[in-house]
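I have placed the structure first, in the form of structure tokens, so that the comments after it can refer back to it.
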Amino acid sequence: MRFLSNALRVVPAALLLLLLLTTARVAQAAGEASFSVRPASTQSTNAAYFVYDAEPGQVIQDDVLVINTGDAPGTVRLYALDGMTGPTGGIVFPDADAPRSQVGAWVQLDETEVTLGPGESRTVGFTVTVPRELRAGHHVGGIAAQGTAVNEGSGQFQVNVQTRVVTAVQVNIPGPAVEHLTINGVTPSVQSSKQTLLLALRNDGNQMVKPQGTVTIADGEGRELHSIPLQVHTFLPDTAIEYPLMIPGEALAAGDYQVVVDLQYGAQGTARYEGTFTIPEAQAAPESEATPGEQSATVTAPAEQGLSIWMIVAVAGAGLLAGLLLAGGGLLIWRRRAAVRRSEAPAAGQGSGVSPIRPLVPLSHANTVRIRQSEGDDEAGATQW
């Protein structure tokens, strides 16, 4: 019993130590550098990113502001790159080692690596050299700030984590504005275990556009099955995409279908496609799991994995503490009952009869109940005060 009593004193301190270690680990994981980039001067016509109305052959000099918004020092790598249209529209930027032929090739930075402390910032100059032979319209690239690799986790869970932010650089060349979008075909596919139509779209104009419209699907006899709204985000000039449009509801049966795509874009632009497609047997009933070649996985960041282990240890410690407290409570009740039995036992020289023992008040009422014994009483009375 003395061992149990000592354990009840030690376990809370051990649990507190575990919680402190967990908190310290969270604080350690939270300390990291985080960067942002934005225009530092008034050369640009936009405060959020760089926009220049330029002539072919013009040379533009400007500055980008790099800020460490994190709570730890860090080194950031700076580089320029071309803009691209994402699969569903919108401007995306490739990896640092991707080839450059547009704005990414026109931009030269004065510095390519900057080290900043928490809250510090630095202005970095750059030059945009616009080619002499260049079509009119919109040209988009970006300036990226990429943090150095940081090892997170431990042991086999250790990986390199890199963060990157990009501010866009848009160069507008004067000349006739041309808005022209083409729909070059519709192909059935399966993505994320869902029947999908891949719409082959191309922006042949020199302006950014945001197409929207409807896609109508009918069976082989022309009966309409679906009318699906479509919204494509920013679509850059001279780019092509295969827009994935998921078919809602139940999977289409194998067979032939008709499709009509109607899109509107820009000031008055329209595009229309009428055709057919065939759902093969292999795509008629997609499995709930990923199809071969389309594997999906959820990756937990190493820092989160480490934190989970500490939390598991803390929860286990809390469970152990709860079990010991329950055992201690049981011991306390047993000792109280034993004391009551001794107080009710006949005095020496008196009769050997045993007085009945009234049950103690349940432990859950201990905050509102006191135990008292009246003089001359043979029984211990439990009175609620």
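The values are calculated or read from the model by the stated rules, or taken from the named source; none is laboratory data. Remember, predicted model here, so these are calculated numbers, not experimental data. No Cβ is skipped: glycine too gets one built from the backbone with ideal geometry, and neighbour counts run over all protein chains shown.
All conditions but one from (1) assigned to a strand (DSSP E or B); (2) surrounded by 13 or more Cβ atoms within 10 Å (Cβ to Cβ); (3) in contact with a Gly (Cβ under 9 Å, 6 or more places away or on another chain) apply to D256; the one that does not is (2).
For the residues V178, V165, V161, the requirement of being more than 19 Å from the chain's Cα centre (by Cα) and either under 29 Å from Y52 (Cβ atoms) or at pLDDT below 95 (or both) singles out V178. Determine if the range 219-238 includes at least one residue that is small (G, A, S) and not in a strand (DSSP E or B). Yes, the range 219-238 contains a residue that is small (G, A, S) and not in a strand (DSSP E or B).
Of the residues in the range 18-40, not one is at pLDDT 85 or above, over 24 Å from G147 (Cβ atoms), in the same structural domain as Q162 (by TED's automatic domain parsing) and β-branched (V, I, T). Checking each residue in the range 52-80 for being over 23 Å from R132 (Cα atoms) and among the β-branched types (V, I, T) picks out V64, V66, I67, T69, T75, V76. T216 meets all of the listed conditions (1) surrounded by 13 or more Cβ atoms within 10 Å (Cβ to Cβ); (2) outside any strand (DSSP E or B) but one, namely (2).
Please determine whether any residue of the range 84-107 is farther than 28 Å from Y243 by Cβ, modelled with pLDDT of 95 or more and among the polar types (S, T, N, Q). No, the range 84-107 contains no residue that is farther than 28 Å from Y243 by Cβ, modelled with pLDDT of 95 or more and among the polar types (S, T, N, Q). For the range 54-77, the condition holds for no residue, the condition being that it is closer than 26 Å to Y243 by Cα and touching a strand residue (DSSP E or B) at 6+ places or on another chain (Cβ under 9 Å).
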